[in-house]
Every structure is written in C-alpha cells, then in structure tokens.
Amino acid sequence: MRRDFAEYSAGATPMTELPLDFEAFHRMHRPAYVRWAKTYLNNQADAEEAVDCAFEQLLMAWPQVLAKESPAAYAWQVMKNRTVDAGRARGRREALVDTAAFETAALRDAVDPIGQLEENITLFHAIETLPERQRDVTVLLHVLGHSVRESADHLGITPAAVRSTARYARRRLQETLGLAKEGHADDVAH
C-alpha cells in the first residue's frame, strides 16, 4: 500500500474507494504537514515519507479518527509522532534551527546577512525551548506563515486558542531572549 499511497499523495495515481472526507482532509492538510515535517527533518523526501505514513495510519482507522472529539488534533499528533519517529530512525535531532534560520525572508532581505543569521539562530534556539503547543503555533504562524485560522484548522483547536497560545509563546520568547516587559512574568507560566 505504501507505494500506491505515495503515488496518490503526489497526485500521480488516483486511488479508488477512498472516503471522500478522507480525500478532502488529505488535500487540506498534507501541504502544511509536509512543510512542518521538513522543519523537523530538514529533508523534503523524508518529510513527505513521514507524512504519507501518517496518512496511511489515519486511513486505516478513518472511522475511528472521525469519531474523535477533534479529528484534526488527533491527525496532527499522528503526523508529529511519525515525523519524530522518522527523525529518530535516521539518527536526527529536530532541525528547526538548521532549516528555518536559513530560509527566512528577513535573512534574504537583510542589509547585514551575518548579523541577521545570528539573530535567527538565537531566535530559533529559543523557539525550540517552548512547550510543544506553543512551539507548534509559533512555527505554523511565524515560520511557515499560516494564518490564525489555518493554524487552528491544522491543530484542531479554535482560532482564539491559537491567538492565546501565540501570546503566551511570545511572552516566553521575550523572557528567554531577555526582552521581557515587567509585569508579565506571571503570564509566562501557560
């Protein structure tokens, strides 16, 4: 099934008898999942393979996935687990700093690329220290450029939860980077 599913994911081979809601879910989420997995694995082919494995797993249990309180949240976790497993199997650590620090618009447009690169690396190291949900929201919003609504859809949470999580992440990053404003220390604990 893996070869057939990989061809289906690439759009080369239509698969028959897939649930239409699964196909729609796949079309909606796969591009963002692959982009997120690439920030973790720093390799496009490995990211696609990990995400396709996640979708295979989801397809095998699709009726149970739909019965979850939030199918999108469950699918996001399956994708993350498959990506982390793929990284471990290849002996890799999370590659956010390696991947994202060098691919930002700020670096491309910088007057001082070396100084901007140093700032990027410092920032992405700080992002890696965030709690999992805050890191996911930060990567989706600020590294991959998704909107609040898109991020909420991928994570299976509300836009308000994305905004709140982003706010706590920003405060925590400010604190980590020594930029914290006084009076917000209690808010960082989220």
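Filtering the range 131-167 to residues that are over 21 Å from Arg30 (Cβ atoms), among the charged types (D, E, K, R) and either open to solvent by less than 10 Å² (accessible area, probe 1.4 Å) or modelled with pLDDT of 95 or more (or both) leaves Arg163, Arg167. So, in the range 28-61, how many residues would count as being open to solvent by less than 10 Å² (accessible area, probe 1.4 Å) and farther than 18 Å from Asp136 by Cα? Total meeting the criteria: 2. Only residues that are in contact with a helix residue (DSSP H, G or I) (Cβ under 8 Å, 6 or more places away or on another chain) and either of a type in the set (Gly, Ala, Ser) or touching a residue at least 60 places away in the same chain (Cβ under 8 Å) (or both) were counted across the range 58-94, and they come to 8. Is it the case that the range 67-74 has a residue that's part of a helix (DSSP H, G or I) and modelled with pLDDT under 90? So far as the range 67-74 goes, no, none of its residues is part of a helix (DSSP H, G or I) and modelled with pLDDT under 90.
The values are calculated or read from the model by the stated rules, or taken from the named source; none is laboratory data. Given the structure is predicted, the values throughout are model-derived calculations rather than measurements. Backbone-built Cβ (ideal geometry, glycine too); neighbour counts: all protein chains shown. Ligands, DNA and RNA are excluded from the accessible area calculation, which covers all protein heavy atoms including side chains. Shrake-Rupley method; radii C 1.70, N 1.55, O 1.52, S 1.80 Å.
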